[in-house]
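Bear in mind these aren't lab numbers, they're just calculated from the coordinates by the rules spelled out. Computed from a predicted model, the values in this text were never measured in an experiment. Here the Cβ positions follow ideal geometry from the backbone for every residue, glycine too, while neighbour counts run over all protein chains shown.
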Amino acid sequence: MTNGTKVLKRDGQTEVLDLDKVHKMTEEACEGLAGVSASQVEIQSGIQFYDGITTAEIQEILVRSASDLIDLDAPNYQYVAARLLLFGLYKQVFGDWKQGFPSVREHLSKGSDKKIYDPTLESKYSEEEWIKINSWIDHNRDWTFTYAGLRQVVDKYLVQDRSTTEVYESPQFMYMLISAAIFAEYPQETRLDYIKRYYDAISRHKINIPTPIMAGVRTPIRQFASCVLVDIDDTLDSIFSSDMAVGRYVAQRAGIGINSGRIRGINAKIRGGEVQHTGVVPFLKKFEATVRCCTQNGIRGGSATVHFPIWHKEIEDILVLKNNKGTEDNRVRKLDYSIQLSELFYQRFIDNKEITLFSPHDCPNLFESFGTDRFDDLYQRYENDPTIPSRKVRAQELILSLLKERAETGRIYIMNIDHVNSHSSFKEKVEMSNLCQEITLPTKPLQHIDDLDGEIALCILSAINVGTLRSLDSLEELCDLAVRGLDALIDFQGYPVKAAAIGTRARRSLGIGYIGLAHYLAKNKVSYNDAEAHNMVHDLTEAFQYYLLKASNNLAKEQGACEYFDKTKYSDGILPIDTYKKDIDEIVPNTLKYDWDSLRNDIKQYGLRNSTLSAQMPSESSSIVSNATNGIEPPRDYLSTKKSKKGPLKQIVPAYQSLKQHYTLLWEMKSNDGYVKVVAVMQKFFDQAISGNWSYNPDNYPDNEVPVSVMANDLLTTYKYGWKTSYYQNTYDNKTDEVEVEEVKQGLESLLGEIESTSECDACAI
């Protein structure tokens, strides 16, 4: 059936619109799905046809129509919309795709000619191997995407020309070529097996891979680290060299952590007083400009978190840099800030004593000792030295200001630098974290851009979709594949800055975490607040870290331990289960189910291929791709909506119809208590950190305001249970509180004395 309207096809030709084709395509998208209607999609679209409308426009209108129909009563429209999007994608990439897809090698060869794929990849495998690889690709798996997931893949991860919007591949080609690229240098007798198993794991969304891998592996770009940690010395050479390094990594899709804690305070002497220092703010503005002008994957500006100690001379000004008060001259709003504390400052907060502020350059070795058992004595010695320039501020005044700014902006983070180091896999001190606060690796400031004595820390990330687990035993293969895949990338990737190459190859640090924890708990019919859930997370995370270490140990037996293995506590047989904050035993008894003693002996004998294995990253975008709940977070609602340039992306929690009564929803939780304990139990086993969040629903409090005493309680509780870092603070209605010192005193009495001294020596005792 036609109505005489002319349609412009993708090849530039025109033809009369055939409405039967539109109807047939919509019916095909609805085929086999309950509770959906092709007619409803067509009616919803309300297409006003006009001469010259393009087939791509018709396709997009139908996609949006189907996506608008997604709701809890009709969840399958998320698959209808995905299929309609997929039809258009296939048409653009393959033409008449119903006649069949090209082989993997044919597709790769065509893309290599266009210079969109790594030109060396095709020659890595023989014709027979490519035939085998092609026999494993399953394009039907594209049909398992939800609309939100597929839209993320199409818009963010598929290889494309962003100036013309031309896309060059489909999801399954992406997954298969990633697998082939990762294992290309493995021995011929084993590599095909790993390619198949890794492809199956990532294409079935059992293993989740982050943006740099999804967007970069198989292309000429060879930078796959998600996290970059740049340490800065108190010199112009170091500051400007670090700024250049930041720019190079932002341009290649990495999130940035910056340590500016060494930079001296405003008006400090330079050259014996010939010059007064401008302070840290002007340099932060420079970093801000760099991360915003270098785009990530051509999609968005970069992001960075800057780290400072609570005792820095300029800390009061640093705390307010993100807020909307003040002028542009004294605000740096496009950076995030992580404030480092230790037990000494928590105790002074509780006791309402003073914190002494210093410029780091006036206090030799103070910054270097922060986070170690040497700090307290040295700090107090400087406090008592009248020759050292300093200024005192009430601890409650300062930390309440921190909580106030954290509540108002959501983006002032907290790092417990003593926990970071006492519960670390490294013998060396860790100075900082990354953009999202889950990476804790040693760093060393650059003095110039080609400085081989400096160390920029990189971490490559991945996650296990625990919502797909049928048993904890299945973790063994998934952990092995995740470790092998990331480890191979360390040698395969390039290094835009030399200081990143040496340490990364020598330490081989990985960060593997979870997605789908809320789904996992719902499947097991427990809530975040249940003691049973905390026990379940304990068992899950024990198995997870055990199998990660086992995988790295097996890899060390095959390929050798990492070069810097002797710089880890692992080399002395010290494991995360030996150094965790023992207060966690109040939550879950320390009953271990795996043979840790045998593993400990194997690690001491053969080593580990990787200095670190685990880290819990935020994973909202990649979780959507895998149709999983976001990382370890409770869902905000059964149906969530994420903004995008192509309209709202609606995502429904997995297995909504069968599990809706078992999901824990974020805004229905009366406090952070259950979530805090979940993160604490995970941190017991993780060798890096966890991006844990605080969330508040004002409806749960009098006058619809979150008392600052509640936030102060969470601050102390997260410290008590060993959190290394606290990431976002989320408030349901975006209200903020006016902070009064008197308020915090209420509700703190019960917490006095709960913060126990943590000696690194005692913590490491076996």
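A few notes on this one:
- Rounded if a/c under 1.5, otherwise prolate or oblate - the chain, Cα gyration tensor axes: prolate
- Phi to ³J(HN,Hα) by Karplus 6.51 cos²θ - 1.76 cosθ + 1.60 over region 223-234, Hz, x for Gly, Pro: 9, 10, 6, 7, 10, 10, 10, 10, 9, 10, 8, 8
- Computed from Cα positions, the angle between helix 498-507 and the longest principal axis of the chain comes to roughly 90 degrees.
- Amide H contacts under 5 Å for TYR696, placed H, 5+ residues apart: ASN730, THR731, TYR732
- Qualifying chymotrypsin sites (Phe, Trp or Tyr not before Pro) in region 42-126, where qualification requires a DSSP coil assignment and no more than 12 other C-beta atoms within 10 Å, comprise TYR50.
- Residues whose placed amide H lies under 5 Å from that of LEU510, excluding near-sequence neighbours: SER611, THR612, LEU613
- Computed from the Cβ-Cβ distance with R0 of 25 Å, the FRET efficiency linking ASP138 to ASP193 stands at 0.90.
- For region 393-414, backbone nitrogen atoms closer than 18 Å to the point 7 Å from LYS325 Cα along Cα-to-C-beta are found at 394, 396-412.
- Paramagnetic reach from TYR638 (point 7 Å along Cα→Cβ, amide N under 19 Å) across region 480-524: 518-524
- Farthest positive-ward along the chain dipole, Cα basis, beta-carbon charges - from SER621, LEU192, ILE587: LEU192
- Straightening the chain between GLU31 and THR165 buys 45.3 nm, computed as 0.36 nm per residue apart minus the Cα-Cα spacing.
- Residue exposure sequence - GLU586, GLU343, GLU438 - by fewest surrounding Cβ within 10 Å: GLU586, GLU343, GLU438
- Applying both filters, DSSP loop and at most 12 other Cβ atoms within 10 Å, to the trypsin sites (Lys or Arg not before Pro) of region 100-148 gives LYS114, LYS115.
- In a fully extended conformation the segment linking LYS286 and ILE43 would gain 82.2 nm over its present Cα-Cα distance, using 0.36 nm per residue.
- Whole-Å distance, taken between Cα centres, linking region 615-631 and region 461-506: 16
- Here the Karplus relation 6.51 cos²θ - 1.76 cosθ + 1.60, evaluated at θ = phi - 60°, turns the backbone of region 161-174 into coupling constants of 9, 6, 7, 10, 6, 6, 9, 10, 8, 10, x, 5, 5, 4 Hz, with x for every Gly and Pro.
- Helix-only arithmetic for the chain: the sum of -39500 (n - 2.57) across DSSP H runs with n ≥ 4, divided by the residue total, places the mean residue ellipticity at 222 nm at -12000 deg cm²/dmol.
- Gyration tensor verdict on region 91-138 (Cα atoms; rounded if a/c is under 1.5, prolate if a/b is larger than b/c, oblate otherwise): oblate
- Computed FRET value (nearest 0.05) for ASN524 with LYS646, which takes r as the C-beta separation and R₀ as 41 Å: 0.70
- Counting DSSP beta bridges with both ends in the chain, the antiparallel % (nearest 5): 45
- If R0 is taken as 25 Å, the Cβ-Cβ distance between VAL393 and THR372 corresponds to a FRET efficiency of 0.60.
- Subtracting the Cα-Cα distance of GLN13 and ASN352 from 0.36 nm times their residue separation leaves 114.3 nm of extension gain.
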